[in-house]
Amino acid sequence: MVPTNDLALSDDGRFVVTLGMRGQLSVWDSRSGSLLETLEGQALSWQSDLAFTPDNRYVSYVSTYGAVVWDWLHRRIAWTRGEHGVTALAVDPARGRIHAAGKSEVSQYSLADGKELARTPLGEVDIDTISLTDKGTLLILCKRTGLLFLDPETRQVTRRIDLGYPRVSHFTPEQIEKKPELAKLTTIAGRPFGRMDRSRSRFRVFFSGKKPTDSWFRTFGTDGAVASGEYPIQLFPNTSPWFGDTGRMLWLRDNQHVEVLDPSDPSRRDPLPISFAGRAVTRIDTDRSGGLIAVSTDKGWFCFEGSPDDHQSWKPRQLPSVPPVVTVRSPHPDGKTMLYGSTSGTIGGVAFEPGLPHRLLGKMDEEVLLIATFPDGRLLASTESDHAIFEEGLPPLFKGKGETHATWNCRDFILRNAPDARLGNAKIEVIRSDGGVLDSFTDKEGWPEVDPVKSLVLYRSATLESARYRLGEITEAGKFRIRHEFERADDRGYLAIPESTDSALLFSMDGELYRIDARSKKSVKLRDGLPDEIGEVHPSADGKHLTVLLEEEPRGFLVPLDSKKPCIELAMTKSEFGTGIRNWVGFTPNQRGVWFDDHSHLSELAQSYAGLWDSGTGKLVARLRVHENGAALILLPDGRCHFNPEATGMVMRRKAGETTLSPVESSPDVFKSLEPYLGKPR
């Protein structure tokens, strides 16, 4: 499951929409757990409002950074607005209207084409929530006053209810005594939140005071009548939803225990036997019947089912299990196999040929965190506890204690961190495929930047005044040799990589790229306008461009050294092809393609893919997904796919306008698209 920041159930409980930690809106089948549709690129926010329309067709989302109405059923955005313009949304599919609120006005838009139809100014009311009632009117909760009832047809306010928010003065009693007019300058001592129930006949106002003792909630009918008096309690809107149409509410206590509250009886609180096993809960919602509860957490979303009238009947809804996705670690030197490591310690390989056959290459005792390959086909694998060298299908040829978590292939050797490396002594070793150590070197400042194609090594350490460089190479005998060691004053770079035995490339704080001559210490600017916060840089074999990954975002770019050529962002496609470019895997052996893996340590993603991009054009070539049970599948951007027998039934697609998934046929001709990227170097 993907970590989720927000969640909402449809009225009938058939669908769940989640907001992922990477900003993706996803619609799921609540019974099967199947992903039906995803919309990428939504802004995350501490405050958001996510909901289905009653007909299940539209999803509306409002955050502090923007708003969107998404017709997920037909894969289109019906309406959207940028940041800081919209505070609340109410979508009326029956009348084809979108009601969007700013701080002081409500605007109507057409749901069909998004055009503005009308605008109603309401004054300085500071709108928090707008909701459609069962009578078709708009109930508006304002932060400064209380409730407004607006007729969307006549655009007239038909009723106002002052909720008497507690207020505090900006001034001391002494200041007010001197100037009595200052007593009028007050602010509300807290913040109100509102939510309509599923029947659209009850509205709850929750007031979060400056102190817990000043917090309460009240419920109102949509005619403005008070349904229950003030209930003193501190609630959090995202984890205190209406309990379906029962008139009761759920309350998350201590982030782990769910209780049922009756607004008419503050003394009654009934616990539900629901457990979150230490997960951080971000949102709770229920369907209209109150028989389904959905929860979003930092470990994914979950459902519980039971009867709202039998509090002991609640139990987790069991979703069909999907074998966990393994993380691909390295292309094999044969150019036709991708290596992967599993949580169970299996080291395997998937061959890019019809049937996607996979084979067992080795076995460790714990989760495999790293795989590197020697030119002769032997493998170096590492767990948190130890590392080993394998020849395919045989017991380890060499085994040692300690984790290897950084490797580079140089000539016939592998550069790796020494098992005893530590901060302040990041020792690097040059090892042969029999485990023999040919050389070791270190720098007190940390890890080097390595160009494995040219066997170059660069250390750079910087202060505010200067930067020190050590540029060297790995010789044919497996020895580290320093070619240049120098200092530069006023060096404003934050990342440098080796380019040749006599030059380095430097990325500046201002998004500029420089070439530094190690002999003269002088620099020449190659280009500017680079992306911010570059985290990794990998030079191409021909030295004409760089592949860069951003530090905070799962995105990658091709950066030509020729400033006349534009930077190219590695292309993304629709949601079923994964959600980003997160981890570097490596170039294909023939350098025509580059692999990244989307797997994140934050979760066990069942939808995670590795991706192959063309290293010259930046176009996405294919996606690969491998599961613990050996199931493997390849997807092409044009929709064709191929999978092995173990993955039968795992590849499903939804046609526009439909709410169910249908199986997809396997197409062996996908390998024609992969042929240019397979094979050994020429």
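Once log10 I(q)/I(0) by the Debye sum over Cα atoms at q = 0.05, 0.06, 0.08, 0.11 Å⁻¹ is calculated for the structure shown, the corresponding label among (1) -0.53, -0.63, -0.85, -1.15; (2) -0.32, -0.45, -0.76, -1.13; (3) -0.45, -0.57, -0.78, -1.17 turns out to be (2). Proximity of backbone amide H atoms, modeled 1.01 Å from N, is registered between SER208 and ARG191, PHE193 at under 5 Å, excluding neighbours fewer than 5 places apart on the same chain.
Placing dummy labels 7 Å off each Cα toward the beta-carbon, the span from ASP562 to ASP434 is 4.7 nm. Between the residues VAL651, GLY511, GLY278, the greatest Cα displacement towards the positive end of the dipole of the chain, with unit charges on the Cβ of Lys, Arg, Asp and Glu, is found for GLY511. Calculated FRET efficiency, SER275 to SER344, Cβ-Cβ distance, R0 = 35 Å: about 0.85 to the nearest 0.05.
Once the 1.4 Å probe is applied to the protein heavy atoms, the stretch 165-300 comes out at 46 Å² accessible per residue.
Assuming charge only on the beta carbon of Lys and Arg (+1) and of Asp and Glu (-1), the dipole of the chain about its Cα centre is about 900 debye to the nearest 20.
Near THR64, the amide H atoms lying under 5 Å from its own belong to GLN47; only residues 5 or more places off or on other chains count, and H is placed 1.01 Å from N. Computed from phi, the 3J(HN,Hα) profile of the stretch 209-224 under the Karplus parametrisation 6.51, -1.76, 1.60 (θ = phi - 60°) reads x, 4, 10, x, 5, 9, 9, 7, 9, 10, 10, 10, x, 6, 8, x Hz, with x in place of Gly and Pro.
Model label sites at TYR494 and ARG253, defined 7 Å from Cα along the beta-carbon direction, differ in position by 4.7 nm. Is the shape of the stretch 366-444 rounded, prolate or oblate, going by the alpha carbon gyration tensor and its root eigenvalues a ≥ b ≥ c, with a/c under 1.5 for rounded and a/b larger than b/c for prolate? The shape class here is oblate. Any idea how far apart LEU117 and ASP376 come out in nm if each label point goes 7 Å out from Cα toward Cβ? Modelled inter-label distance: 7.6 nm. Taking the centroid of alpha carbons for each part, the stretch 144-190 and the stretch 294-355 are 52 Å apart. Here's how it looks for SER503: its modeled amide H is under 5 Å from those of ALA518, which are all 5 or more places away or on a different chain. Computed from backbone phi, the HN-Hα couplings of the stretch 516-532 come to 10, 7, 5, 7, 9, 6, 8, 10, 10, 6, 9, 6, 10, x, 7, x, 7 Hz, rounded to whole numbers (Karplus: 6.51 cos²θ - 1.76 cosθ + 1.60, θ = phi - 60°; Gly and Pro given as x). The residues LEU471, LEU561, sorted by heavy-atom accessible surface at 1.4 Å with ligands and nucleic acids left out, run LEU561, LEU471 from largest to smallest.
For the stretch 362-452, the share of accessible area belonging to carbon and sulfur comes to 45 percent (1.4 Å probe, ligands and nucleic acids excluded).
Can you give the local net charge around SER169? Use residues other than it whose beta-carbon is closer than 15 angstrom to its beta-carbon, Lys and Arg +1, Asp and Glu -1.
Numbers: positive: ARG167, LYS178, LYS179, LYS184, LYS210; negative: GLU174, GLU177, GLU181.
It works out to a net charge of +2.
The values are calculated or read from the model by the stated rules, or taken from the named source; none is laboratory data. Predicted model, so just to flag it, every value in this text is computed and none were measured. Using ideal geometry, Cβ is built from the backbone for each residue, glycine included, and neighbour counts are taken over all protein chains shown. We work out accessible area using only protein heavy atoms, side chains counted, and drop any ligands, DNA or RNA first. Shrake-Rupley method; radii C 1.70, N 1.55, O 1.52, S 1.80 Å.
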